[in-house]
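The values are calculated or read from the model by the stated rules, or taken from the named source; none is laboratory data. In this text, all values refer to a predicted model and were calculated from it rather than measured experimentally. Note that we place each Cβ from the backbone using ideal geometry, even for glycine, and neighbour counts take in every protein chain shown.
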Amino acid sequence: MSQAPESLDSTATGNETVETRGDERVELLRADTNHDGKTDVWVVDTDGDGKADLFQFDTDGDGKVDVTMVDIDEDGTPDEVVDGDGGLPPEQLPPTVQL
Ligand SMILES: [Ca+2]
Ligand SMILES: [Ca+2]
Ligand SMILES: [Ca+2]
């Protein structure tokens, strides 16, 4: 088995960094579920295969990610859930979908 030569250690900030399939950030969907004009759901494809593998949620409405879920095998079930943005802060753009 080959191991990654370097592993990021971001424990100093207290923010966990999630491992994703790729290092792209193709946002498939941004949504504003509480209609405050700020995005609170991000659905992201990180490896460019067109399928979502990263999901982020702002649960308290401050516009910052509170929960990040990674579906590393793209089977529809999150494999890793961390607090915060998982080291992948989204751009502060207006939501594409108003739910
Ligand atoms: Ca919102
Ligand atoms: Ca993908
Ligand atoms: Ca938040």
* To do: Please specify each residue of segment 35-65 satisfying the condition of being more than 16 Å from ligand 3 (Cβ to nearest atom), surrounded by 19 or more Cβ atoms within 10 Å (Cβ to Cβ) and part of a loop (DSSP other than H, G, I, E, B).
  => THR46, ASP53
* Say whether the condition of being modelled with pLDDT under 95, part of a loop (DSSP other than H, G, I, E, B), surrounded by fewer than 14 Cβ atoms within 10 Å (Cβ to Cβ) and not polar (S, T, N, Q) is met by at least one residue in segment 10-28. => yes
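Whether any residue in segment 35-55 is acidic (Asp, Glu), within 11 Å of ligand 1 (Cβ to nearest atom) and either under 21 Å from THR17 (Cα atoms) or in contact (Cβ under 8 Å) with a residue 24 or more places away in the chain (or both) is what I want to check. Before you say what the answer is, go through the steps one by one.
Looking only at segment 35-55, we keep the residues that are acidic (Asp, Glu), and these are 36, 40, 45, 47, 49, 53.
Restricting the remaining residues to those that are within 11 Å of ligand 1 (Cβ to nearest atom) gives 36, 40.
Filter once more, so that each one left must be either under 21 Å from THR17 (Cα atoms) or in contact (Cβ under 8 Å) with a residue 24 or more places away in the chain (or both): 36, 40.
Yes.
So for segment 70-88 (the condition being assigned to a strand (DSSP E or B) and of a type in the set (Ser, Thr, Tyr)), does at least one residue qualify? So that I can check it myself, show each step before the final result.
Taking segment 70-88 as the starting set, the residues that turn out to be assigned to a strand (DSSP E or B) are 70, 80-83.
Filter again for of a type in the set (Ser, Thr, Tyr), leaving none.
No - not one qualifying residue is present in segment 70-88.
Is it fair to say ASP49 is farther than 14 Å from PRO90 by Cβ, within 15 Å of ligand 2 (Cβ to nearest atom) and either in contact with a strand residue (DSSP E or B) (Cβ under 8 Å, 6 or more places away or on another chain) or among the aliphatic types (A, V, I, L, M) (or both)? Write out each step before concluding.
Details: farther than 14 Å from PRO90 by Cβ: yes; within 15 Å of ligand 2 (Cβ to nearest atom): yes; either in contact with a strand residue (DSSP E or B) (Cβ under 8 Å, 6 or more places away or on another chain) or among the aliphatic types (A, V, I, L, M) (or both): no.
Answer is no for this residue.
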* So ILE72 fits all but one of (1) farther than 23 Å from GLN98 by Cα; (2) loosely packed, with under 15 Cβ neighbours inside 10 Å; (3) at pLDDT 95 or above; what number is the exception? -> (2)
